[in-house]
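One structure is given here, and the rest of the page talks about it.
The values are calculated or read from the model by the stated rules, or taken from the named source; none is laboratory data. Quick caveat: nothing in here was measured; it's all calculated off a predicted structure. Reconstructed Cβ throughout: ideal geometry from the backbone, glycine too, with neighbour counts over all protein chains shown. We work out accessible area using only protein heavy atoms, side chains counted, and drop any ligands, DNA or RNA first. Shrake-Rupley method; radii C 1.70, N 1.55, O 1.52, S 1.80 Å.
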Amino acid sequence: MATAAGVTGLYYVNEDARHVAVALQRCGTAGLVGAQVAADYKMTLSKSYASNEEYKEAKRQCDLRCANRVLDALQRLGGIYIKLGQHVSAMVYILPPEWTDTMAVLQDRCDPTPREEIERLFLTDYGEPLEAIFEEFDWKPLGVASLAQVHRARLRPGPDGTRAGNDGWVAVKLQHPALDEFCKIDMETVSLIFDVITKAFPDFGFRWLVDEMRESLPRELDFVHEARNSRLVAQNFADDMKYRRTALMVPEVIWAKRRIMCMEFIEGARVDNIEYLKQHKIDPAQVSAELTSVFSKMIFLHGFVHCDPHPGNIIVRPCKRPHSKYNFDLVLLDHGLYRDLTEQMRVDYAHLWTSLIRGDEEGIRTYAKRVGGTDTYQLFACILTGRAWETVHSADLSSVRSKAELAQMSVGAMEFIVDIADILSRLPRVVLLLLKTSDLLRHMDEVLRTTTTDDHLTYVIMGQYCTKAVWLDAVKHIRERVAQVGFNFTLFKALARVWWNYFSLVGKLWIYEHGMTWIAPLIALVNKRSIDQK
């Protein structure tokens with residue numbers, strides 16, 4: 001009894017003892033759930049079933065049970081566990097819906113850090129109390145994510161009476177303090193759980209999830225690094241923004257510490273808020289087209305890519321800039337997770353997408369090997385596009401995904417889960433993040449495109465940028481050769497060939513885009529007459 005009382009007293013008066021106790025509790029919670037999930041799958045999959053349908057139903061129920069167990073644990077543990085769940089929820093073309101649908105709630109539902117802890121964090125990191133910097137501070141967060149929460153505040157005026165930001169109004173991003181305390185041990189615990197699962201299921205090929213988190217988290221937890229990313233992407237789009245060639249806006253960072261960032265406050269709504277778009281007469285399809293354009297430029301031309309474009313990180317508002325050709329602004333937030341593409345990777349990835357859009361099997365084979373290091377190019381193409389191989393091979397990516405194709409993809413994902421996991425485990429980390437980015441953008445595109453006549457535009461826009469990247473690279477190499485050996489007939493033929501490849505595809509894309517634009521009103525008229533006749 002005395003020993004128990006002593007341990008309890010130690011917990012409350014000794015910070016190190018409390019830390020060890022809470023850390024052990026977190027490890028125990030995560031470990032127990034990991035063991036329960038492994039045991040459930042082991043028992044379910046080792047049983048004999050009377051039919052394939054009975055096996056599939058048992059597997060589906062096991063997926064659902066385990067997903068709910070894990071969700072409950074992730075929500076209780078918070079922090080990087082929420083981040084892990086968000087990664088799982090984005091893997092919609094790899095994992096069964098029982099997992100991805102269950103984890104989807106983690107994209108928006110995170111618990112806020114209490115006021116006292118925020119005040120203590122600010123004093124520790126900034127060196128002054130919060131009220132000395134801000135005249136007003138709204139304690140109700142604008143948003144709460146797995147790693148941080150954001151508050152609206154107003155800066156005090158400077159010595160000259162002026163205020164930074166939007167008349168002093170700023171968004172203040174504050175990291176959850178508990179992450180500093182438990183991040184490392186939580187990461188080691190997750191790693192251990194995945195190691196145990198891998199030993200129990202040798203075909204389990206998702207160890208790369210932990211490796212990716214281990215590499216990404218330190219960058220995401222450093223807001224000085226995030227501020228640098230924000231400024232660099234704004235610099236990349238500076239001319240486009242200056243001359244109103246894009247709807248993109250990047251909030252200005254006013255100052256940043258490792259766990260606190262103060263930036264320009266911009267009010268708007270999530271990009272997938274269709275009701276908000278309708279209220280402000282903003283065309284969702286045009287928003288989707290601009291989103292595709294922005295990210296295609298990042299990937300194929302700039303080689304500096306925002307790798308977490310979920311709807312909570314992109315807001316839209318009615319246009320505030322004069323002479324813009326858009327009636328909306330597209331505001332990109334959360335710049336913690338970016339990747340630099342090497343010149344070779346950027347160009348090879350552009351070649352791969354050009355081949356996918358053309359349905360060029362030989363090109364897909366060649367560049368799947370160069371980009372992903374895989375010979376299983378057909379499966380890799382399906383993972384990358386979220387489409388069946390028949391659709392890819394027939395150069396029909398712009399078509400609407402039918403229910404039959406979605407069902408085929410879902411069944412295929414389960415049948416080839418081991419092969420898919422093997423491909424993913426071998427991919428370069430940057431390609432894994434490009435896959436995640438593509439999945440998130442594809443999901444938003446499907447939400448925003450409200451009519452079937454709009455669906456063709458996504459791959460038309462992507463095609464224009466990846467084709468341009470291939471053309472610019474080819475011209476660059478020909479110029480280098482001309483500088484070395486002078487202009488000759490061989491180089492002339494090479495230039496003519498790349499010129500033809502570029503302009504023939506651009507021409508086809510232009511005809512497809514504008515042809516569909518002209519045909520769309522006719523389709524609408526025919527549909528209307530059909531309805532009237534009924």
Residue match in segment 279-295 (condition: open to solvent by 20 Å² or more (accessible area, probe 1.4 Å), farther than 30 Å from GLU119 by Cα, part of a helix (DSSP H, G or I) and in contact with a strand residue (DSSP E or B) (Cβ under 6 Å, 6 or more places away or on another chain)): no
Residue match in segment 46-62 (condition: aliphatic (A, V, I, L, M) and more than 30 Å from PRO141 (Cα to Cα)): yes
Residue count for segment 455-504, restricted to those that are within 22 Å of LEU291 (Cα to Cα) and open to solvent by less than 50 Å² (accessible area, probe 1.4 Å): 14
Odd one out for LEU121, checked against (1) touching a helix residue (DSSP H, G or I) at 6+ places or on another chain (Cβ under 7 Å); (2) at pLDDT 95 or above; (3) not basic (Lys, Arg): (1)
Per-region count, segment 112-144, residues over 21 Å from ARG163 (Cα atoms) and without any contact (Cβ under 8 Å) to a residue 24 or more places away in the chain: 6
Subset tally (residues that are under 21 Å from the mean Cα position of the chain (by Cα) and of a type in the set (Gly, Ala, Ser)) for segment 350-367: 1
Subset of segment 39-70 (residues that are surrounded by fewer than 19 Cβ atoms within 10 Å (Cβ to Cβ) and aliphatic (A, V, I, L, M)): ALA39, MET43, LEU45, ALA50, ALA58, LEU64
Verdict on ILE82 being closer than 20 Å to LEU337 by Cα, of a type in the set (Val, Ile, Thr) and either in a helix (DSSP H, G or I) or in contact with a Lys or Arg (Cβ under 6 Å, 6 or more places away or on another chain) (or both): yes
Residue tally, condition among the charged types (D, E, K, R), modelled with pLDDT of 80 or more and open to solvent by 70 Å² or more (accessible area, probe 1.4 Å), over segment 376-412: 1
Only listed residue being under 22 Å from the mean Cα position of the chain (by Cα), of a type outside the set (Ser, Thr, Tyr) and under 30 Å from GLN175 (Cβ atoms), chosen from VAL347, VAL371, VAL331: VAL331
Subset of segment 238-264 [crowded, with 20+ Cβ neighbours inside 10 Å and out of contact with any Cys (no Cβ under 9 Å at 6 or more places or on another chain)]: THR246, LEU248, MET249, VAL250, PRO251, ARG259, ILE260, MET261, CYS262, MET263
Every residue from segment 145-192 that is open to solvent by 10 Å² or more (accessible area, probe 1.4 Å), more than 25 Å from the chain's Cα centre (by Cα) and free of Cβ contacts under 8 Å to residues at least 60 places away in the same chain: ARG154, ARG156, PRO157, GLY158, PRO159, ASP160, GLY161, THR162, ARG163, ASP167
Count of residues meeting criterion [modelled with pLDDT under 70, open to solvent by less than 70 Å² (accessible area, probe 1.4 Å) and either out of contact with any helix residue (DSSP H, G or I) (no Cβ under 7 Å at 6 or more places or on another chain) or in a loop (DSSP other than H, G, I, E, B) (or both)] in segment 418-454: 1
Whichever residue in segment 197-241 is part of a loop (DSSP other than H, G, I, E, B) and of a type in the set (D, E, K, R) and, among such residues, is modelled with the lowest pLDDT: ASP203
Qualifying residue in segment 307-326 (condition: closer than 19 Å to LYS468 by Cα and either assigned to a helix (DSSP H, G or I) or among the hydrophobic types (A, V, I, L, M, F, W, C) (or both)): no
Checklist (1) modelled with pLDDT of 75 or more; (2) surrounded by fewer than 18 Cβ atoms within 10 Å (Cβ to Cβ) applied to LEU525, failing item: (1)
Pair list, Cβ under 6 Å, 6 or more apart: segment 334-345 residue in contact (Cβ under 8 Å) with a residue 40 or more places away in the chain, other residue among the charged types (D, E, K, R): HIS335/GLU226; GLY336/GLU220; GLY336/GLU226; LEU337/GLU220; LEU337/ASP308
Residue within segment 180-195 that is part of a strand (DSSP E or B) and either farther than 16 Å from MET261 by Cα or β-branched (Val, Ile, Thr) (or both) present: no
Yes/no for MET345 being assigned to a strand (DSSP E or B) and either surrounded by fewer than 17 Cβ atoms within 10 Å (Cβ to Cβ) or not hydroxyl-bearing (Ser, Thr, Tyr) (or both): no
